[in-house]
Each structure stands twice: as structure tokens, then as C-alpha cells.
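The values are calculated or read from the model by the stated rules, or taken from the named source; none is laboratory data. On a predicted model such as this, the values are computed, not experimentally measured, just so you know. Here the Cβ is made from the backbone with ideal geometry for all residues, glycine too, and neighbour counts use every protein chain on show. These area figures cover heavy atoms from the full protein model, side chains too; ligands, DNA and RNA do not enter into them. Shrake-Rupley method; radii C 1.70, N 1.55, O 1.52, S 1.80 Å.
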Amino acid sequence: MRCKRCLNDETVRGISFDSSGVCNFCRNYEKIGAQLEDENALHQLFQERVDAVRGKHRYDAALGISGGKDSEFVLHELVRKHGLHVCTFTLDNGFLSKEAKKNIDKTVRTYGVDHEYITFDRAMQQRQYHYSMKHFLVPCIACSYTGYAAMINYAVKVDAGMCVHGRSPEQMLRRYGNDVFTRFVDMGLKSIHEIDIAESYAGLLESVREKVDEGIYNDIRSIAFDGVDGIEFREFVPYFLYYRYDEKEIVRFLKEETGWTPPEDYNHYDCSIHNATKYIYQCAEGRPHRLPEISVLIRMGMMSREEALEMLEQEQMVEKPKEELKELCRYAKVSPTILLAKAELYKRKRK
């Protein structure tokens, strides 16, 4: 079954359909759709956050950069458009590509901002990845939860007024209403006077606790609170919630104005195992993993269903990324043969 509005089908985790054949993700989007179209109001919400922190901390904002197009563009916007005093950091999980590092180092020199590479305890990270691969088949759950905790923690440690990130709308909204990131979106769409950051983060931690075992939860919690107990947390601010996202324009601007030099396939080139996770997802779900993201583009009126179907077809992986799979499985201490067999079994059970 496929949603009557978007392209989501029964393979999407957490999906349900109403009597009209519309999926719950489309219905959830209806609750915030009008607000996401009011650009003036969104700009005011971001400006409110800027006004609340400007000049009141060591840095106005901390920004995580990966060497990818989105975070690089957000850095330009924060420094040159909004005039903020920004520090940057990169979460190096062991899979940061050499090409990404080159772009990161060049970018921080261009904008003259402070930058730091953050690494994690290897044993802890391998434990996280092994758990995520065992229970979810891919490392993305561990990577994202650990990343959110580390970014929020970092903003407090360096005394930045807020922590900004560059996730695209389709990344933020692909499972809106049914994932941990939903709370970040809901916070961001409210006035700063309407949100309680400490309470919201406590709720986020409880959401994480429901999805992982106690040991993994404790790892994530320890990262969030490392050295910052008793200090007020800072908001995790999604820049592209407030400003229009145009991938082609972002890439054009970066190449022409900043000297950003990614490979031809620039999407997720910063992660050396991205194709491996993409392939595992496809094996388990029986279709390209970007389906929920592409469905967001339909909801936002950025493309038609026909255009989306064409994009979905282009996302189909034909060849197995053998070396990337080996790299990932070696690090996470799982067998690639068993992993892909589990993915196939998962797909069969869903049919």
C-alpha cells in the first residue's frame, strides 16, 4: 500500500494509513505545514533566538560542520548574514572522509572561526555501533543519538548561546511525529518564551531510553552531561527550519563563492561508510532508503509525485559497496554475511 499523497508505503517504520489512504506522516505534517510556509514568522523566530544570545556568551553560536554542503552554507549565513560570533566543531566518529577534512580545514580558515575536532572513546563508540547494528541493522541510531548529545554538550562547555545545525527539511521531517527529532522541531517552532529547554531535553532522554537498552542509554546520557552538571543547556537550533532550503542554489553558491570542492557525488561524501548503510537499508526495506525524505519534498510542494518517483528510481543502488561494508562491519564487530542475512529476513517478514 502506498500513501495517496506522498510516496510512503508499508515498508516505512512506524507508518499507518487512515481510511482515506493517507499516511500518518502526512497527517502529522498538516499540524505544522501552514507554519512552515510562513517565512516572515519563521525568520522572526530565528531572529528572536539571535537577539536572545548575541553578545551574552563567549560565542553567540556553536555550529557542527561536517564538510558537507549544508553545514558549510549555514556557517556562511551565521557569520556573514547574521553577523554572529561563531565557533565550529566536527564530530569525528572515525568515518570522516579525507576529502571532508580538507574542506573543513579550508572553510574555517576562510571564515576565521575557531574549530575543534571531537572524538569519542573507541570502546564506547564500538559498543554503541555494535548495539545499533544488532538491533537496527545500521549504525545510524547510535551515531545520531551520540551526535545530538555531544553537540548540545559542546555548546555548554564552550559557552555558546545556542547550538545550530544544518539538517535539511527532509532529514528533519522524514518521520515527524514518530521519532526523537520531532521534539527539536516542535521546540524550534515556538517562541523562546514558550519552551523549557531543560524539560524538553529530559523528555528527549526518556524517548531515547525507550528505544535502547540501559547501558547504551547511560552512555548517551553521560556524553550529554559530561562536565556540565548544573549548567543551563542551550537550544539545539535547526537553521533550515527558518530559512528556505534550495540544494542546487546552496551547491552553486559554495562552489562559486567559497572554493568548496567536494567530489561529483557530494551528498554524504563526508561519511566514508554512507553507501554501506544505504545499501543495508535497501536490502532490509526493499527500496531506496530516501523514500521518507523524498515524500517530505512532495508534502512541502517542492516536487510532484512523478518527479519524486523518478528521483526514487535514481536512488536505487545496484552494486554492493564491498569495501565500505567491510570497514563498517569490522569496526562494529559484526559479520557482513550475517548482517545482510538479517536484512533479507527482515524484508521477508514485512511482506
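Side notes on the structure shown:
- Search result, residues across segment 70-102 that are farther than 20 Å from E324 by Cβ, part of a helix (DSSP H, G or I) and touching a residue at least 40 places away in the same chain (Cβ under 8 Å): D70, S71, E72, F73, V74, H76, E77, L78
- Residues located in segment 135-149, provided they are crowded, with 22+ Cβ neighbours inside 10 Å and assigned to a loop (DSSP other than H, G, I, E, B): V138, P139
- Screening S132 against (1) part of a loop (DSSP other than H, G, I, E, B); (2) within 22 Å of I280 (Cβ to Cβ); (3) out of contact with any Phe, Trp or Tyr (no Cβ under 7 Å at 6 or more places or on another chain) leaves a single unmet condition, (1).
- Qualifying residues in segment 226-254 (those that are touching a residue at least 24 places away in the same chain (Cβ under 8 Å) and among the charged types (D, E, K, R)) - the one least open to solvent (accessible area, probe 1.4 Å): E235
- Only one of the listed residues (I118, I152) is buried (at least 20 other Cβ atoms within 10 Å of the Cβ) and under 28 Å from H57 (Cβ atoms). That residue is I152.
- One residue from V138, V180 being aliphatic (A, V, I, L, M) and touching a residue at least 60 places away in the same chain (Cβ under 8 Å): V138
- Check on I197, surrounded by fewer than 18 Cβ atoms within 10 Å (Cβ to Cβ) and touching a Phe, Trp or Tyr at 6+ places or on another chain (Cβ under 6 Å): yes
- Within segment 107-128, the set of residues being under 24 Å from S71 (Cα atoms), part of a helix (DSSP H, G or I) and touching a helix residue (DSSP H, G or I) at 6+ places or on another chain (Cβ under 6 Å) comprises T107, Y111.
- Spans of helices (runs of 4 or more DSSP H) in segment 292-351 with at least 1 residues modelled with pLDDT under 95 and under 24 Å from N178 (Cα atoms): 305-314, 336-350
For every residue, the table says whether it meets (1) touching a Pro at 6+ places or on another chain (Cβ under 9 Å); (2) open to solvent by 20 Å² or more (accessible area, probe 1.4 Å); (3) closer than 21 Å to P169 by Cα.
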{"residue": "C3", "(1), (2), (3)": "no, no, yes"}
{"residue": "Y29", "(1), (2), (3)": "no, yes, yes"}
{"residue": "H43", "(1), (2), (3)": "no, yes, yes"}
{"residue": "G67", "(1), (2), (3)": "yes, no, yes"}
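- Tabulated pairs, segment 14-25, first open to solvent by less than 40 Å² (accessible area, probe 1.4 Å), second part of a strand (DSSP E or B) and of a type outside the set (S, T, N, Q), C-beta under 8 angstrom, 6+ apart or interchain: I15/D9; I15/C23; C23/F17; N24/F17
- Residue under evaluation G188, criteria (1) open to solvent by 20 Å² or more (accessible area, probe 1.4 Å); (2) more than 28 Å from A100 (Cα to Cα), criterion not met: (1)
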